[in-house]
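Report on the following structure.
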């Protein structure tokens, strides 16, 4: 199995769009994201046994960067979402021996959580620990540390807390954090809400056959919070960090210089700080768009490759562990901030209405976790992005436009949904998610001649959403088809929106553009099945 | 009309490109219809521009564009044309820096005056105040003729006026809610870098519900080659302070200067004097689905349902009696607030773009060396392309545009926008609106005031208001945003004595123009 991998970056020219076609030829489509994580048992308790140890992580410029990661000492009790499946991954039960970021710990509101931590780091890091942001933690065992109780090689530590409120919470090493967090000791705790919110969100079940809106269901819960308006259809998590590879090289040099068990503590200069790798979930573009648990990144299991349909609501869990802020710009639309560090932002007057701001760039404050809801409908564009106007079925011929003869019946909000009247026409696949006011409206400009433009790798070949069928004899502008044989990164011809750091120097990998903190959100055609199964 | 040397130099530079194109490929094409399906022209027999397609004898499709003339153009259609290319700018310490940059190819009269270059289709297409006004202006660079606002459509004039004519920031754009906006980008090539065959694009940053085709990301769409035009199409459903920039190799093209300002004015501005602001927003919000929305004049887009739509922009405020204070000639609003809380004196809105230039990177960008991204370090800290004291001045301290002598010895407009803020104590509201954006590619920036408080009314082009209608505005003396962020600030001079105040960065090392330990990201607020 070949993927769009590291060496292609070295061929990258001045423009991202000019990435070599060879790389594309080797690529094959796969979605595979969601928010994979491990669980700690059932019945109101959750137990995780973690270790901290050193691994090499892979970067798309070919570098193997010496890092520290949290991993599983023993196989975890389970994993979520169940629908992801075990896949063909070499990583048993969704947890590596050490990984960057650390395993995502998924618990339920009210769970009594136990986390055992063993220290298998090199002797230059005699102790390590975990700080659970936003939790009231008691510790047993270990040795005294500065922020929390530490784990030494001889004395593992046990942390206990009650997951008292739902949300997304970051965790990180509290021991020499300027070094150990830089080295990769960070992760996320997700607390799922106790309220089912069945009345507003519908029933939810986490199993291998679950479906939602007629599509496979990869959610962890029906809602992000106990709040009945926090329902969502898909969810993704993005952990943003940066690395200064000189620090990692210094640590590795000192590890290699000491062959005994009585090594001196690492003496590493962590300032001035010159980060040269900028990571989403431990990976740089384009590695981040490879599947989760892809075998070529055994210690960086999580990806950044969001997919959704028009009209769906996407929960975005955005977490910052690094020491500098990264303004993560989201193309496509605004997102509504729901909560910061598990604290819902609600109106001061009625106590129930959302009060978080609408943003087009996440501020990514160091150590902060932000939950937000994102959606996209194409509403208000004033042209039919599905190209229904060119849908004319000719006898004995193929169809024009996307071949989709679906009408658009507006629901109370103006979009075509299952709540519309009628919800569908017999024999016609409903084009749910469409903003009906724009139905059949032509594109208002004449696109340039396809000969004088450069096509992007994620360009579907036409201005429209979804694969278009062209009937050659019809005297109507339909599309600017890609040259024959061209392969694209989104064969379903979805709309691709770049989500990236707007400190633009951070969308590079060790001075090579493109790279770094960048990924593509795909708005897929309504009928396209988003398959995240491993 | 004499073709000058520059034109030929540019054309020779482009030969390599055009030779690679098959016969029949188009080049520059400027699109600005006088009527559309949404906004009909006043010519009832010819309401909108459309393509009439026929099949010729060779079974080839022949498309003909027919439409109304400029005299009948709909006022809610706005147009602008920009060049994508290169140029030079002058920093406040006198240093010239090389730019990859966008320049004006329409609205040049407005741009030169520091105003948005966006004009109605009639004016763009050569009709103004009931009379023909086709493009008049420079026929070649440096002929010192004064341009009007009409769009340049002839390829020769596009080259003559586009090559080396980039500005920092690029041409300002401003439209009104319910407008349609046709923005044509003509790629004139970067004559100082003949080794590069770079495309350019326009990304409308923060624009809601974008289509990826017009989103300007080259990877997700198409990008126009040198000697070609791409017309972007946007509607304007939501007021706010946005901005725009090139999305080709962003760390390079943005650092090199390819960015500009963009804002959308609210439909509330169109209410008649004395009208109820709350009543208008309430009526608009309650407009029945599927019919023409009411509440405001000339509405083209239906309201959102803020009880259901989590991304709703404008929840209805608590019931109030605020009315349209004055006419649109004297008082304007930043958003459809429904309570008058975003009012400001007409003419006292100041788009301010925080930028940074790394002179080392710009030198490398002019030459042919590998670019250091990780070590990028800005040394010039700019407000709308200028460091203090140029922020309040112009050439040699004379208020107005900053011009720069380019590599061909001709002086061209380079930084048209001063950021001198003036608030008149005699004004109807004594309030100014700052539309602040950060397009630095390396750093977060803080801007602070002394003596005059800031009220932050909007963040990321959205009114700060919770979903039950309470304003979440806050008073502060400083704001901090990163690259790719914007916010809106009201300065209220009601309780401030006349005098000169400052808007400056409290990242104190950014108060410098490279080695000159003075200047940088600072401008003056004059309360008059």
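Laboratory data are not the source of any read-out in this text; all were calculated from the coordinates shown. This one's a predicted model, so the numbers in the text were calculated from it and none came from an experiment. FYI the Cβ positions are ideal-geometry reconstructions off the backbone, even for glycines, and counts take in every protein chain you see.
Judged by the ratio a/c of the largest to the smallest principal axis of the C-alpha gyration tensor, segment A:304-397 counts as prolate, that ratio being 1.5 or greater while a/b is larger than b/c. Only Cα pairs under 8 Å and 6+ residues apart enter the sum, and on that basis the relative contact order of chain B stands at 13 percent. Of the beta bridges in the protein assembly as shown, as assigned by DSSP with both residues counted there, near 80 percent are antiparallel.
The angle between the Cα long axis of helix A:245-257 and the longest principal axis of the Cα atoms of chain A comes to about 40 degrees, rounded to the nearest 10. Other protein chain C-beta atoms within 10 Å of residue C-beta, averaged over B:309-317: 5. As a proxy for reagent exposure, B:291, B:468, B:186 were ordered by neighbouring Cβ count within 10 angstrom, fewest first; the result is B:291, B:468, B:186.
Under the criterion of Cα pairs below 8 Å and six or more residues apart, the relative contact order for chain A equals 16 percent.
Cβ crowding within 10 Å, taken as a proxy for footprinting-reagent exposure, orders B:306, B:246 from fewest neighbours to most as B:306, B:246.
Counted by neighbouring Cβ atoms within 10 Å, the residues B:61, B:226 run from fewest to most as B:61, B:226.
What shape does segment A:139-202 have by the C-alpha gyration tensor, where a ≥ b ≥ c are the square roots of the eigenvalues, rounded means a/c under 1.5, and otherwise prolate means a/b greater than b/c and oblate the rest?
Cα axes put segment A:139-202 in the prolate bin.
Sort out for me the Cα centre separation of segment B:413-441 from segment B:164-238, rounded to whole Å. Computed from Cα coordinates, the inter-centre distance equals 24 Å.
Residue by residue along B:250-260, Cβ atoms of other protein chains within 10 Å of the local Cβ number 3 on average. Taking the helices alone, chain A has a mean residue ellipticity at 222 nm of -1500 deg cm²/dmol, built from -39,500 (n - 2.57) per DSSP H run of at least 4 residues and averaged over all its residues. Per residue of B:433-444, other chain Cβ atoms within 10 Å of the residue Cβ number 3 on average.
Using the Cα gyration tensor of segment A:38-186, with a ≥ b ≥ c the square roots of its eigenvalues, what is the shape: rounded (a/c below 1.5), prolate (a/b larger than b/c) or oblate (neither)? Oblate, since a/c reaches 1.5 and b/c is not below a/b.
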